[in-house]
Amino acid sequence: LIAVLGAHGQLGSAFVKALGGDCLPVTRDQLDLTDTGSIATWVESVKPTLVINCAAYTAVDAAESDADTARAVNTVAVGALAEATDRLGVGLVTFSTDYVFYGEKQGGYVESDMTNPLNVYGATKAEGERLALAANPGALVVRTSWLLSTTHHCFLTTILSKLEEGVVSVVDDQRGRPTLVDDLVRSCLDAVDVGATGILHLTNRGDTTWFGLAREIAELAGGDPKMVRATTSRFVAGRARRPLNSILDTERLRALRVNPLPDYRESLVRAMRTIT
Ligand SMILES: NC(=O)c1ccc[n+]([C@@H]2O[C@H](COP(=O)([O-])OP(=O)(O)OC[C@H]3O[C@@H](n4cnc5c(N)ncnc54)[C@H](OP(=O)(O)O)[C@@H]3O)[C@@H](O)[C@H]2O)c1
């Protein structure tokens, strides 16, 4: 039995769909991760073979002024899950982010690069990674980036709805790797099958800026890409800073002999065919 936490979220719902009958979807109503004390009791009573933790506090800007809740979900709960799964011999997969990096590296970040987050969300996730592996060294911590789907609120759906209203300004100075959730799910399950543990970067191939991605989305939707204008990141009080380069290098995946994820453009075309 594979329990998927965050079953209503963007990534969690993709796992639930892919796993079908083998999966126990777990929502916030069933297990609220801010209630740290309930986590071990839940693992003991359900005793799944594997927990895939897709639940997280993902509101990057809101986290700046709500650090306690972000930390409870992204750090403390992950530590408690790791401790309980390790003690009961249950497998654990949990997700982290490219935002654990500062963003000044030339080229892609590898798993062993030093984390140095620029914002509260990134800091809570980096500390969650550390606690996960300290309490459960057999856990798999998957770092991913720029998640896209057609089913949930994300950059793709935001750009499509903003384009209906007119010109959209998008930052052209943050570079990363868009990742379609269905591709991520497939390759994460492959990594579990080969027994991967520790930190693993999983993203689609290819990289771009948010502006480049928005233009591609506009074009694929049959719109005018010139409706997307380039802008640059600037400091806005209360908003989180984001890394300028957060490209995750995925060479470790090759070493594990797991099929790499396709180029994001291929998958974006396929995903958008389902909605346009
Ligand atoms: N989205 C991205 O671009 C991105 C990039 C890099 C890494 N990641 C990581 O990838 C993972 C999945 O992200 P996502 O995009 O699927 O996030 P999401 O759509 O925001 O889903 C997060 C899920 O966590 C649940 N949750 C939040 N607080 C909870 C709590 N206190 N107790 C129980 N459940 C709680 C939410 O429940 P409700 O449905 O009840 O709100 C939601 O189902 C996360 O670890 C995230 O940090 C995401």
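Take the residues of segment 152-170 that are in a loop (DSSP other than H, G, I, E, B) and more than 10 Å from the ligand (Cβ to nearest atom): which is surrounded by the most Cβ atoms within 10 Å (Cβ to Cβ)? Per the criteria, the residue is Val167.
How many residues are away from the ligand (no atom under 11 Å from the Cβ) and open to solvent by less than 30 Å² (accessible area, probe 1.4 Å) if we restrict to segment 5-29? Final tally of qualifying residues: 2. Looking across segment 138-151 at every residue that is assigned to a loop (DSSP other than H, G, I, E, B), open to solvent by 10 Å² or more (accessible area, probe 1.4 Å) and out of contact with any Lys or Arg (no Cβ under 8 Å at 6 or more places or on another chain), the one that is nearest to Arg205 (Cα to Cα) is identified as Thr150.
Which one is least open to solvent (accessible area, probe 1.4 Å) among residues in segment 219-252 that are over 30 Å from Ala123 (Cα atoms) and not in a loop (DSSP other than H, G, I, E, B)? Outline the logic, then answer.
Within segment 219-252, the first condition is being over 30 Å from Ala123 (Cα atoms), and the residues that meet it are 219-229.
With not in a loop (DSSP other than H, G, I, E, B) added as a condition, the list becomes 219-220, 225-229.
Working: Glu219: 119, Leu220: 68, Pro225: 32, Lys226: 141, Met227: 60, Val228: 0, Arg229: 123 Å².
Residue satisfying both the conditions and the ranking: Val228.
Out of all the residues in segment 52-60, is one or more near the ligand (Cβ under 10 Å from one of its atoms), more than 22 Å from Thr151 (Cβ to Cβ) and open to solvent by 30 Å² or more (accessible area, probe 1.4 Å)? No, segment 52-60 contains no residue that is near the ligand (Cβ under 10 Å from one of its atoms), more than 22 Å from Thr151 (Cβ to Cβ) and open to solvent by 30 Å² or more (accessible area, probe 1.4 Å). Across segment 253-276, the qualifying residues are those that are part of a loop (DSSP other than H, G, I, E, B), open to solvent by 30 Å² or more (accessible area, probe 1.4 Å) and aliphatic (A, V, I, L, M), and the one among them that is farthest from His201 (Cα to Cα) is Ile275.
Give the residue, chosen from Asp98, Asp86, that is open to solvent by 40 Å² or more (accessible area, probe 1.4 Å) and either under 25 Å from Ser187 (Cβ atoms) or without any contact (Cβ under 8 Å) to a residue 40 or more places away in the chain (or both).
Checking each option against the conditions leaves just Asp86.
Scanning segment 61-76 for residues that are surrounded by 17 or more Cβ atoms within 10 Å (Cβ to Cβ) and in contact with a Gly (Cβ under 8 Å, 6 or more places away or on another chain) yields Glu64, Asn74, Thr75.
The values are calculated or read from the model by the stated rules, or taken from the named source; none is laboratory data. Bear in mind the structure is a predicted one, so any value in this text is a computation, not a measurement. Cβ coordinates were reconstructed from backbone atoms using ideal geometry, including for glycine residues, and neighbour counts include every protein chain displayed. Note: accessible area is taken over every heavy atom of the protein model, side chains too, but ligands, DNA and RNA are not part of it. Shrake-Rupley method; radii C 1.70, N 1.55, O 1.52, S 1.80 Å.
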